[in-house]
Amino acid sequence: MDETRGAPELWVYSLVQGTKQLLVSDPAPQYPAWSPDGRSIVFSGGVKGEVDLWLVNADGSGKPKVLLRRPAFQFGPSFSPDGNWLVFTDSPTQDDGQTVVWRSNAESTPEVLDSTAGTEFEPAFSPDGQWLAYTSFVLGKSDVYVKPFHRPGGPQVISVDGGMGPVWARDGCHIVYQSGARLISATVVPGQPSVVRERRALFTRPDDLVMLGNRSYDQSPDGSRFAFVTRPGPRRIVVTLNALRR
């Protein structure tokens, strides 16, 4: 995302070539997420006081199209690894939210998943598609949880001393989240991520990192790099190398 021109815009940056391409400026885009095949990007787009889910081709061809239209605000979309499901936060007031899942390749009705006691946001599928990690506010405190997807079992807390913005490692062995100014890596049991073997601090995030209910950082597929989006000013993307190596 880029807001240096006064309104949100969706850009694609090539970290290899050092080039960038403007994809969307209207509707005002937020919360972009790649499709599993890398060919398209889903995002939240605001029109006439509501925020729906839109889809745009990642190569810039064609125009954005509405993927799912619902009342109020739909934030933080994330595809399942097979591309068949889309999970997002449904927020009637922008101050609260619940986790909703939708079968993206068929005519279906979005389904509200079992909620925790607090507001939920930033849901993300595990690499095997069997679990969801997300942030939930309970008693005024945010924590990172995991819960089974469409299988029996309740939510289990992953973070300690608060957490938000969960990002899965592609091997399913780590969940990275923000706790205060630090990024924490929780080492979990593959296939059973509610079991945390270890938590360790990776590094302190950039001071101007964007973190307002928006997962504005990500991990490279090989786990060797993190990319961060920073606040207005000279807009930068910060890449941190070898963060998970001991």
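Coordinate-derived values only; no laboratory data. Keep in mind the model is a prediction, meaning the values are calculated, not measured. For neighbour counting, all protein chains shown are included, and Cβ atoms are generated from backbone atoms with ideal geometry for every residue, glycine included.
Computed quantities for the displayed model
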{"item": "Extension gain, D82 back to D161 (0.36 nm per residue minus Cα-Cα distance, nm)", "result": "25.1 nm"}
{"item": "Along each principal axis, Cα extent of segment 9-165, largest first, Å", "result": "43, 37, 32"}
{"item": "Positive-end residue, segment 1-157 charge dipole about Cα centroid, Cβ charges, pick of G45, V112, G129", "result": "G45"}
{"item": "Extension gain (nm, one decimal) between S220 and E50, 0.36 nm per residue minus Cα-Cα", "result": "58.0 nm"}
{"item": "Gyration tensor (alpha-carbon) shape descriptor, segment 80-186, a/c threshold 1.5", "result": "oblate"}
{"item": "Order of H174, H150 under a 10 Å beta carbon neighbour criterion, fewest first", "result": "H150, H174"}
{"item": "Gained length - V195 relative to Q17, 0.36 nm times residue gap less alpha-carbon distance", "result": "60.1 nm"}
{"item": "Farthest toward positive dipole pole in segment 126-212 [+1 Lys/Arg, -1 Asp/Glu at C-beta], among A181, T204, V146", "result": "V146"}
